[in-house]
Amino acid sequence: MNRSYYFVRHGQAVYQQKGFDRSAHPPDTDWPLSSEGVSQAHAAAPKILRSGVRRVISSELARARRTAEILAEEGGLPYEHRWGSLNEIHPTTLRAAIGRTDVDSWSWWDGWLAARAVRKHVAGKTPRGWDPRPAEDRVLGVLSRLDRLDEPRVAVVCHGYWILLAALLVRGEVRYRWIANCSVTRIDADGRGKYRLVSFATVS
């Protein structure tokens, strides 16, 4: 495989700060990075840049955009953020078959159940009450789009649950666990639709 994609979870967002009351804000708030998140992005940049990335892309959301901007600025790399398919995938959206609509309110348990459903789907089974196919289409669509870029090594800044689902869908042996801010997940590609999980949620 001759291509490598480095999926980076954004730095700490404001809502992740200890004691922050997220419920006091609209559920669709586009959260910026906290000051700690900015520091995390600067600290992670050298290791990510040493991997030889030649382009930085991100989701459209503010916390991912700012993290990506820091990486691009420190490395003098081209950067683009108009990748809406990289926006977070909420576990509850995989419950569409049974009418679950509260996508902005989900628990650790929701995430675990959705991850288990994706595992079953990858194994060729039909998870009852779940439909992972739309999430799979999004993830594979992004990977296919990355394959078409000129640069063979790309840093992709997005969101924790998106990264977990991507790791599961490329048939990596990963456990459902917390993905730290600015951790890196590497997926290698041959440029023709084959992918391999190399590392998962590593922290510099």
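Mind checking which residues of the range 13-44 are among the small types (Gly, Ala, Ser) and in a helix (DSSP H, G or I)? Break it down stepwise before answering.
Keep residues of the range 13-44 that are among the small types (Gly, Ala, Ser), which gives 13, 19, 23-24, 34-35, 37, 39, 41, 43-44.
Scanning the range 13-44 gives SER23, ALA24, SER35, GLY37, SER39, ALA41, ALA43, ALA44.
Here is a check on your reading of the model: is ALA117 surrounded by fewer than 21 Cβ atoms within 10 Å (Cβ to Cβ), more than 30 Å from GLY37 (Cβ to Cβ) and aliphatic (A, V, I, L, M)?
no
Looking at (1) over 14 Å from the mean Cα position of the chain (by Cα); (2) of a type in the set (Val, Ile, Thr); (3) crowded, with 16+ Cβ neighbours inside 10 Å; (4) part of a loop (DSSP other than H, G, I, E, B), which one does ILE179 not meet, given that it meets all the others?
Every listed condition holds for ILE179 apart from (1).
Need pairs with beta-carbon distance below 7 Å; first residue farther than 21 Å from LEU169 by Cα and within the range 99-128, second exposed (fewer than 13 other Cβ atoms within 10 Å of the Cβ) and at pLDDT 80 or above; sequence gap 6+ or separate chains.
Going by the 7 Å Cβ cut-off, there are no qualifying pairs.
From the list VAL14, VAL8, VAL38, exactly one residue is touching a Cys at 6+ places or on another chain (Cβ under 7 Å) and surrounded by 13 or more Cβ atoms within 10 Å (Cβ to Cβ). Which is it?
After applying the criteria, what remains is VAL8.
Quick check on my filter: what residues within the range 62-92 are modelled with pLDDT of 85 or more, closer than 30 Å to PRO127 by Cα and surrounded by 15 or more Cβ atoms within 10 Å (Cβ to Cβ)?
TRP83, SER85, LEU86, ASN87, GLU88, ILE89, HIS90, PRO91
The values are calculated or read from the model by the stated rules, or taken from the named source; none is laboratory data. All figures in this text were calculated on a predicted structure; none of them were measured in a lab. Every residue, glycine among them, receives a Cβ derived from its backbone with ideal geometry; neighbour counts consider all protein chains shown.
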